[in-house]
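The values are calculated or read from the model by the stated rules, or taken from the named source; none is laboratory data. Since we're looking at a predicted model, the values are computed, not measured. Note that each Cβ is placed from the backbone with ideal geometry, even for glycine, and that neighbours are counted across all protein chains shown. When the accessible area is computed, the model is the full protein with side chains, heavy atoms only, and any ligands, DNA or RNA have been set aside. Shrake-Rupley method; radii C 1.70, N 1.55, O 1.52, S 1.80 Å.
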Amino acid sequence: MPTATGPLAGIRVIELGQVIAGPFCGQLLGDLGADVIKVEAPGTGDVLRQWGPGDAAGGSVWWQVAGRNKRSVTIDLRVAEGQRLASLLAAEADILIENFRPGTLEKWGLGWERLHEVNPGLILVRVSGYGQTGPFAGLPGYAAVGEAMGGLRSLVGYPDRPPVRIGVSLGDSLAGMFAALGAVAALEARHSSGLGQVVDASIYESVLGITESLVADWSALGRIRERSGPILPGIAPSNVYPTADGEVIIAANQDTVFGRLCEAMGCPELATDDRFRDHRARGERQEELDRIIADWSRGIPSAQLLETLREASVPSGLLYQPSDMVDDPHMRARGSLVEVPTDGYGPVTMQNAFPMLSGTPGSVRWAGHALGADTDDVLENVVGLSSDRISALRRDGIV
């Protein structure tokens, strides 16, 4: 396997749990160079192996992304011997990630007190719907519920229709990102204390954390944000506008940028028109301004319109599909997408490791491994078990 060279090279992570939130944290840490050992149930593995299109032996196409940069080890955590193996792995790790319902690790004898005793420097990252404390802690919590509780769902969609969801599991991914941030912060704190700690990342709080001034607006002004479709009320112009052959995003809500847009439209007088002279005025007449811009844009082909707007330094762009992304010269120049070999699908194009670091960049070193592909290697070289012992564990169905 390729050698990791990212900023977390040399950091060992044990990933328990499945689906998106916890494993996305592991994916991010693995992208940054950590040695991520993913523990899965024998025979079935992470359910994400079956989610989404594709049914190659190694799992779905989604699994090729979610399982990348991870070593797959099978251990039955529901039996005592499997729990002992997990404890042995934890003793050799820097970070352990789990996203079971709170109380599950404790039921298995793998709670914080036990893990801290086994490895005082271990950082335990716990990802859950509602967090490890509070009256809802023991309830099952999925991204949809966390997005609703965190305030996001009520904001997505049109005001005259029920709320809609975003086309990805955003709450799970946000929880994974906050969990990864907590993990690296805890690593930094360990430099001075020598001790690990618990990182408690909930889905609903991760969503709440990105809602800008949602709560503060209500607290200070009694203002409740409502669903507003493709716009933000009072922020204009910033919308999707029709073209002769499609649609284009234009965001020109700052005074100077709006002036440049007016020049590009051949209507410089709009910038000094009392109706649109400043940010507040444009916000009050948002619909009227959008109609003026749409009347101009709808007769121009998208490519020509974008060229005009970019020459005028007006933020603008297409609504990309994957086919647009792989052909985009900017994405190619930056290496935003990478082609990764897989066992079942041949070379698969996927997103690169982000953010990009100048000195110790992360990387996608391999796609998701087959279930249990690294069990023998990890149990022998990390835990120190003999090949005979590993064979016996396999006969007993523990690995």
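Placing dummy labels 7 Å off each Cα toward the beta-carbon, the span from Arg298 to Ala144 is 3.6 nm. Excluding ligands, DNA and RNA, the accessible surface per residue across the chain is 49 Å² with a 1.4 Å probe.
Would you work out what percent of the accessible area of region 170-299, with all protein chains in place, is carbon or sulfur (probe 1.4 Å)? If you can, show how the numbers build up before the last one.
Numbers: 3650 of 6890 Å².
Within region 170-299, the accessible surface is 53 percent carbon and sulfur.
Rule-of-thumb check for region 251-363: C-alpha Rg over 2.2 N^0.38 Å? Intermediate values should be presented prior to the final figure.
On the way: Rg = 19.7 Å, N = 113, 2.2 N^0.38 = 13.3 Å.
Output field value: 1.48.
I need the calculated FRET efficiency for the pair Arg285 and Ala333, taking r as the beta carbon distance and R₀ as 30 Å, to the nearest 0.05.
Computed FRET efficiency for Arg285 and Ala333 comes out at 0.15.
From the Kirkwood radius over Cα pairs of region 339-399, Stokes-Einstein at 10 °C and 1.306 mPa s returns a whole-number translational diffusion coefficient of 110 µm²/s. Centre-to-centre, using Cα atoms only, region 376-394 and region 157-220 are separated by 38 Å. The Ile235 and Ala57 beta-carbon pair, evaluated with R₀ = 56 Å, returns a calculated FRET efficiency of approximately 0.70.
Of Leu29, Leu115, Leu306, the residue with the greatest mean-square motion in the GNM of the chain, using alpha carbon springs below 10 Å, is Leu306.
Using DSSP to define loop residues, name the trypsin sites (Lys or Arg not before Pro) in region 98-149 whose beta-carbon has at most 16 other beta-carbon atoms within 10 Å.
On the way: sites: Lys107, Arg114, Arg126; in loops: none.
When the trypsin sites (Lys or Arg not before Pro) of region 98-149 are filtered for loop state and at most 16 Cβ neighbours within 10 Å, nothing remains.
Look at (i) 45; (ii) 57; (iii) 41: the one that is percent of Cα pairs over 28 Å apart derived from this structure is (ii).
May I ask what percent, to the nearest 5, of DSSP beta bridges between residues of the chain are antiparallel?
Antiparallel bridges: around 35 percent, rounded to the nearest 5.
Extension gain for Tyr158 to Asp343 (0.36 nm times residue separation, less C-alpha to C-alpha distance): 62.3 nm.
By the Cα gyration tensor, region 219-310 has an equivalent ellipsoid whose semi-axes, rounded to whole angstrom, run 24, 16, 10 from largest to smallest.
Mark the label point 7 Å from the Cα of Ala216 along Cα→Cβ and return the residues of region 273-303 whose backbone N is within less than 20 Å of it. In region 273-303, the label zone of Ala216 (backbone N under 20 Å from the point 7 Å along Cα→Cβ) covers 280. Counted by Cβ distance under 11 Å from Leu337, the other residues give a net charge of -1, where Lys and Arg count +1 and Asp and Glu count -1.
One chain, two ends: Glu380 and Leu357. Fully extended at 0.36 nm per residue, the span grows by 4.9 nm beyond their Cα-Cα distance.
3J(HN,Hα) along region 241-249, derived from phi through the Karplus expression 6.51 cos²θ - 1.76 cosθ + 1.60 where θ = phi - 60°, amounts to 10, x, 10, 5, 9, x, 9, 9, 7 Hz, with x in place of Gly and Pro. Taking amide hydrogens as placed 1.01 Å from N in the peptide plane, the amide H of Gly58 sits under 5 Å from those of Gly344, each at least 5 positions away in sequence or on another chain.
Loop-resident GluC sites (Glu not before Pro) (DSSP state other than H, G, I, E or B) in region 189-236 with no more than 16 further Cβ atoms inside 10 Å of their Cβ: Glu212, Glu226.
When Lys and Arg each count +1 and Asp and Glu each count -1, what net charge do the other residues less than 13 Å away from Gln321, Cβ to Cβ, add up to? Net charge around Gln321: -4.
From the alpha carbon gyration tensor of region 92-152, can you work out the equivalent ellipsoid semi-axes (sqrt of 5 times each eigenvalue) and give them in Å, largest to smallest? Before the final figure, lay out each step's value.
Numbers: eigenvalues 131, 30, 14 Å².
They are 26, 12, 8 Å, listed largest first.
Gain in length, Cys267 to Leu181, computed as 0.36 nm per residue apart minus the alpha-carbon separation, to one decimal in nm?
Values: separation 86, 0.36 × 86 = 30.96 nm, distance 4.68 nm.
Value of the extension gain: 26.3 nm.
Around the amide H of Gly196, modelled in the peptide plane, lie the amide H atoms of Gly121, Leu122, all under 5 Å away and 5 or more residues distant in sequence or on another chain.
What do you get for Rg/Rh over region 1-145 if you use C-alpha atoms and the Kirkwood form of Rh?
Details: Rg = 15.0 Å, Rh = 15.7 Å.
Radius of gyration over Kirkwood radius for region 1-145 works out to 0.96.
Rounded to the nearest 20 debye, the dipole magnitude of region 248-374 is 220 debye, with +1 charges on Lys and Arg beta carbons, -1 on Asp and Glu beta carbons, and the Cα centre as origin. What the Cα convex hull of region 168-214 gives, in volume per residue, is 74 Å³.
Starting from the Kirkwood radius over alpha-carbon pairs of region 64-125, derive D by Stokes-Einstein at 25 °C in a medium of 0.890 mPa s and give it in µm² s⁻¹. Mind dumping the intermediate values first?
Details: Rh = 12.4 Å.
Value of D from the Cα-based Kirkwood radius: 198 µm²/s.
P(r) for region 156-252: what percent of alpha-carbon pairs falls in each 10 Å bin, starting at zero? With a bin width of 10 Å, the distribution comes to 13, 27, 31, 18, 10, 2, 0. Amide hydrogen proximity for Lys70: with H placed 1.01 Å from N in the peptide plane, the residues at 5 or more positions away or on another chain lying under 5 Å are His369.
For region 185-235, trypsin sites (Lys or Arg not before Pro) meeting the loop criterion (DSSP other than H, G, I, E, B) and having at most 13 other Cβ atoms within 10 Å: Arg223.
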